[in-house]
Amino acid sequence: MTKSTVLTLVGSLRTESTNQKLAEAIQLNAPEQVDVVIHESLGNIPFYNEDIDVEGKVPAAAAALRAAAEEADTVLLVTPEHNGTVPAALKNAIDWLSRPFGAGALAGKPTAVVGTAFGQYGGVWAQDEARKAAGIAGAKVLEDVKLAVPGSMVRFAEVHPKDDADVVEQIKGVFDVLTAAAPAA
């Protein structure tokens, strides 16, 4: 059986990010037939600019992101909430993946959004904004995937998300939808 690949993009650039830890928990709890690849820091990708998005000028970090998305069967965006919306680093990654218009690396790609945030709703506004941006970029947004963990700074102060039984159970639900949406190998 061929493994399906889930490209995971973490919107937080912080070293001790609870969203990075959530992505790690997702990776650790992946079913045997799924390979979760957490992409390197989105902070290395320059802001999208059409002037540098031309053959021979595309920055290596942006080209690597596009190649990883094209090779993946599905994409998972893991986002914190910055001032009630999606972080700039994640939005920038979506912008790079949206080009060329109508044929970008996200075009038709099953894409889900999850995350954790300090607030009482777990970053649902940012998740909604990320779903909206990914959909406009051409992704096939998986609206049924919901995982928003509130109170992250307190909840994960001493417990990694991989050791939180409730989070692990919710991760299993995420994979139910992701694996059903992955193209047949």
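The values are calculated or read from the model by the stated rules, or taken from the named source; none is laboratory data. On a predicted model such as this, the values are computed, not experimentally measured, just so you know. For neighbour counting, all protein chains shown are included, and Cβ atoms are generated from backbone atoms with ideal geometry for every residue, glycine included. Each accessible area value is taken on the protein alone, full model and side chains, heavy atoms only, with ligands, DNA and RNA left out. Shrake-Rupley method; radii C 1.70, N 1.55, O 1.52, S 1.80 Å.
In region 120-149, how many are surrounded by 15 or more Cβ atoms within 10 Å (Cβ to Cβ) and touching a helix residue (DSSP H, G or I) at 6+ places or on another chain (Cβ under 9 Å)? So the answer is 18. Among the criteria (1) in contact with a helix residue (DSSP H, G or I) (Cβ under 6 Å, 6 or more places away or on another chain); (2) free of Cβ contacts under 8 Å to residues at least 40 places away in the same chain; (3) not aromatic (Phe, Trp, Tyr), the one Lys57 does not fulfil is (1). Ala182 meets each of the listed conditions (1) closer than 23 Å to Thr2 by Cβ; (2) at pLDDT 95 or above apart from (2). For region 150-162, the condition holds for no residue, the condition being that it is in a loop (DSSP other than H, G, I, E, B), surrounded by 17 or more Cβ atoms within 10 Å (Cβ to Cβ) and in contact with a Pro (Cβ under 6 Å, 6 or more places away or on another chain).
Condition check for Gly108 on (1) open to solvent by less than 40 Å² (accessible area, probe 1.4 Å); (2) part of a loop (DSSP other than H, G, I, E, B): one failure, at (1).
Within region 71-90, restricting attention to residues that are within 22 Å of Arg14 (Cβ to Cβ) and of a type in the set (Ser, Thr, Tyr), the residue that is most open to solvent (accessible area, probe 1.4 Å) is Thr85. A single member of Ala30, Ala93 is open to solvent by less than 20 Å² (accessible area, probe 1.4 Å) and either under 11 Å from the mean Cα position of the chain (by Cα) or at pLDDT 95 or above (or both), and it is Ala93.
Okay, residues lined up against (1) under 29 Å from Val149 (Cα atoms); (2) within 12 Å of the chain's Cα centre (by Cα); (3) open to solvent by 50 Å² or more (accessible area, probe 1.4 Å); (4) in contact (Cβ under 8 Å) with a residue 60 or more places away in the chain:
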site	(1), (2), (3), (4)
Thr2	no, no, yes, yes
Ser12	yes, yes, no, yes
Thr18	yes, no, no, yes
Ala25	yes, no, no, yes
Gly43	yes, no, no, no
